[in-house]
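Scroll down for the structure; my scribbles are underneath it.
The values are calculated or read from the model by the stated rules, or taken from the named source; none is laboratory data. All values reported here derive from a predicted model rather than from experimental measurement. With ideal geometry, Cβ positions are generated from the backbone for all residues, glycine too; neighbour counts draw on all protein chains shown. Note: areas computed on protein heavy atoms with side chains; ligands, DNA, RNA excluded. Shrake-Rupley method; radii C 1.70, N 1.55, O 1.52, S 1.80 Å.
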Amino acid sequence: MKRIYLDYAATTPVHPDVLRAMLPYFTRAFGNPSSIHACAQEAKKAVVAARRSVAALIGADEAEIVFTSGGTESDNYALQGVCLANEDKGNHIIITAIEHHAVLETCQHLEKRGYSVTYLPVDRYGMVDPDDVKKAIKKNTILISVMHANNEIGTIQPLVAIGRITRGAGIYFHTDAVQTVGHIPVDVNKLGVDLLSMSAHKLCGPKGVGALYIRKGARIAPFVHGGGQEGGRRAGTENVPGMVGFGKAAEIARWELKEEAGRLTALRDSFIKELRERIDDVHLNGHPVQRLPNNINISISFIEGEAMLLTLDLKGICASTGSACTSGNLEPSHVLMAAGCSHEQARGSLRFTLGKWTEEADLKKVLDVLPPIVKKLRAMSPLTKK
Ligand code: PLP
C-alpha cells in the first residue's frame, strides 16, 4: 500500500539534496569547527556558508543567526533570554492564547518566577487584533510574542501592523515562524521583528537543528553556557551536519518558495471545495484566505477526529488532529477553543498539511476514502441527529 503523507506541519522528509550535502560532514569533514587543522576548517567553512544561507532566507545578516537544536529551543531562548537581560526594564510579557506549547509552557514557567503574562484572545478565524496588542501594553512590558502562522489552523497573523506598534513602544517583538520560514515570504525587516524562531525539519531539513534570529543590538542573555560557540550565545560543539542540512534546505526553499506556495494553495483550495461538496456539515477552521498554503483544518460534525485519523491511517493516509489523546481523555485543542469552537467541533477536527511531494492524486484518494469513513462513523455516533 502506497502511504500518503499529509502531515507536513508535524515534520517533513529530508530533501535528497539536503541529505547529500550533509553526508561529508559525518565522514570526511567531521572535525570540530573549533580545532585548527584542515579537517576542522572545512567544517567551519560549511557552518559559515549555512549561516549565510539561513540568513538570506529571512532577509537577515548572518551575524544575527544563532543555531539552536530546533524551534522549541529557539522559543525558550528568545523568551527567557530577553526576560533575563531586561529585568531592570520590567516583567510583563504579551503573547496570544494560540501559541505553540514551546511558547505557552515557557511563559507558564516564567509566571512561576514572578513574570506576568497577558494572553491575547483571537477571533473566530484565529486572528489576533493589533489593537488588542496595543491596549495590552503596560509600562513594564518588555516582550511581545505573536506566532507568524499557527501550526494547527494555519492562520497568518498581522505581524507588520503589530511590528509598528512594538517599535513605537520600544518593546522587543518575537515571532515563532517555525511554520512559515521556507513556506511563505519571511523578511525580518518588513515584519519588524527583533527575534524570530525557525526549525529545519519543517522545510525538508533534518530534525534537531533550528535557529533564532536576533536583531543586532537586541539585549538577550545567553541561554546555554559553556564554550564560546555561536558568538558566545549558545555553547556546545556545533551540530555541523545539521547546520549544513538546514543551510541547504533554506537554499532550496529560496529557489522554490514562490512556485511551491502557488501550487499548494491551488491544491488546498480545490480540496476544500470538493470536500464540502462531498460531505455535509464540514467547517473550515482558521482563516479562509490569510492561511498557510499547505494547511487544511476541518471539523466534521458528529464524529471524533481521532476516529477518522485512525481509520485513515489503516488506509495508508497520514494526517493529524487538533485533539491530543491524554490518559484516555480527548483534550480539545487550545487553539480551536480559543477561536470559539465548541468542544464537539474541536474534537471533530482533522488536519491535512501538504508539502513538496504532495500530488493531486494523493488528495483525490483522500476525497474518495473520507466520505464513506464519515458516513460509517456518523451512523455509529450518538451525536448524529437521527
Ligand atoms: N513552534 C511551532 C509553531 C511548531 O509548529 C513547532 C513544531 O511543531 C515548534 C515550535 C517546535 O519546533 P521543534 O519541533 O523544532 O522543536
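Below, the figures for the structure above:
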quantity	calculated
Residue check for N32: among the polar types (S, T, N, Q), away from the ligand (no atom under 15 Å from the Cβ) and farther than 21 Å from G228 by Cβ	no
Enumeration of residues in region 192-208 that are touching a residue at least 40 places away in the same chain (Cβ under 8 Å) and more than 13 Å from the ligand (Cβ to nearest atom)	L195, C204
Test: residue in region 32-48 that is closer than 24 Å to W255 by Cβ, open to solvent by 60 Å² or more (accessible area, probe 1.4 Å) and part of a strand (DSSP E or B)	no
Residue in region 98-122 that is nearest to H334 (Cα to Cα), counting only those that are in contact (Cβ under 8 Å) with a residue 24 or more places away in the chain and within 14 Å of the ligand (Cβ to nearest atom)	I98
Hey, A235 under 15 Å from I65 (Cα atoms) and surrounded by 18 or more Cβ atoms within 10 Å (Cβ to Cβ) or not	no
Failed criterion for E62 (all others in (1) closer than 15 Å to K216 by Cβ; (2) under 21 Å from the mean Cα position of the chain (by Cα); (3) more than 16 Å from the ligand (Cβ to nearest atom) hold)	(2)
Residue count for region 32-54, restricted to those that are in contact (Cβ under 8 Å) with a residue 60 or more places away in the chain and either out of contact with any Pro (no Cβ under 8 Å at 6 or more places or on another chain) or of a type in the set (K, R) (or both)	10
Any chance A211 is under 15 Å from A56 (Cα atoms), open to solvent by less than 40 Å² (accessible area, probe 1.4 Å), touching a helix residue (DSSP H, G or I) at 6+ places or on another chain (Cβ under 6 Å) and within 14 Å of the ligand (Cβ to nearest atom)	yes
Residues being within 11 Å of the ligand (Cβ to nearest atom) and either surrounded by fewer than 24 Cβ atoms within 10 Å (Cβ to Cβ) or farther than 23 Å from T141 by Cα (or both) - total across region 69-85	6
Selection from region 158-185 of residues that are crowded, with 24+ Cβ neighbours inside 10 Å and assigned to a loop (DSSP other than H, G, I, E, B)	A177, V178, Q179, T180, G182, H183
